[in-house]
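Asker: Below is a structure I'd like to ask you about.
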Amino acid sequence: ASCSDDQTIKIWNVATGTLVHTLAGHDDYVRSISYRSDGAMLASGGDDTKVILWDPKEGTVLQTLEGHSDYVRSVDFNENGSYLVSAGDDLIINIWDVSLGEVVAQYDGHEDYINSVVFSPNGSTLLSCADDRLIKLWDIEAGAELATLGQYEPEAEVGMERVYNQVVLSATFSPDGD
């Protein structure tokens, strides 16, 4: 699947290279998509502030989730697909219960637009990165920030410099959770 600033998501048959479905439901750029692990659901987030859940086989909208006040830059399902995380320019990380279509937890702590958010392989931790040049780890069960990565360079002789001198666009866990 792919998403675009043309406000659509395209579902492809990669074996044949053919377009299977064009999903239209966003009113602005679509910035992020994520398949549920069983392939039966696709989530999308975009500049229209919406998170949309799709049936990718049928090409239909299952549900529209509204809980952001600005662009949604990232969406990701947890391993079993029961939860979805979304984040973006409103500086809020939402965790959605997919079956209820409701926000069950929110996190804030970034100082600038959140570019990416992902679940750890075991689903116990979230990782987010943002234009504030920081990577944050969140403990889902405790509902709290675990750590901030990239905050200061240990070798910096003067001042407190961030490790990244530009925005952090993406980050992820390794398959073993590191």
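The values are calculated or read from the model by the stated rules, or taken from the named source; none is laboratory data. All values derive from a computational prediction rather than experimental measurement. Cβ: placed from backbone, ideal geometry, glycine included. Neighbour counts: every protein chain shown. Side chains are part of the model used for accessible areas, which takes the heavy atoms of the whole protein and leaves out ligands, DNA and RNA. Shrake-Rupley method; radii C 1.70, N 1.55, O 1.52, S 1.80 Å.
Asker: Going highest first, how would you order 19-25, 110-116, 90-96 by mean Cβ packing within 10 Å? Walk me through the numbers before you get to the answer.
Answerer: Details: 19-25: 15.4, 110-116: 19.3, 90-96: 21.0.
The densest-packed peptide leads the list: 90-96, 110-116, 19-25.
Asker: Tell me, what % of the accessible area of the chain is carbon and sulfur with a 1.4 angstrom probe? Please list the in-between numbers first.
Answerer: Values: 4160 of 9100 Å².
Carbon plus sulfur share of accessible area: 46 percent.
Asker: Over the chain, with the other protein chains present, what is the accessible area per residue in square angstrom, probe 1.4 angstrom?
Answerer: 51
Asker: Let's test this: bin the Cα-Cα distances of the chain at 5 Å from zero up to the farthest pair and state each bin's percent.
Answerer: Whole-percent P(r) values from 0 Å outward: 1, 9, 17, 20, 19, 15, 9, 5, 3, 1, 1, 0.
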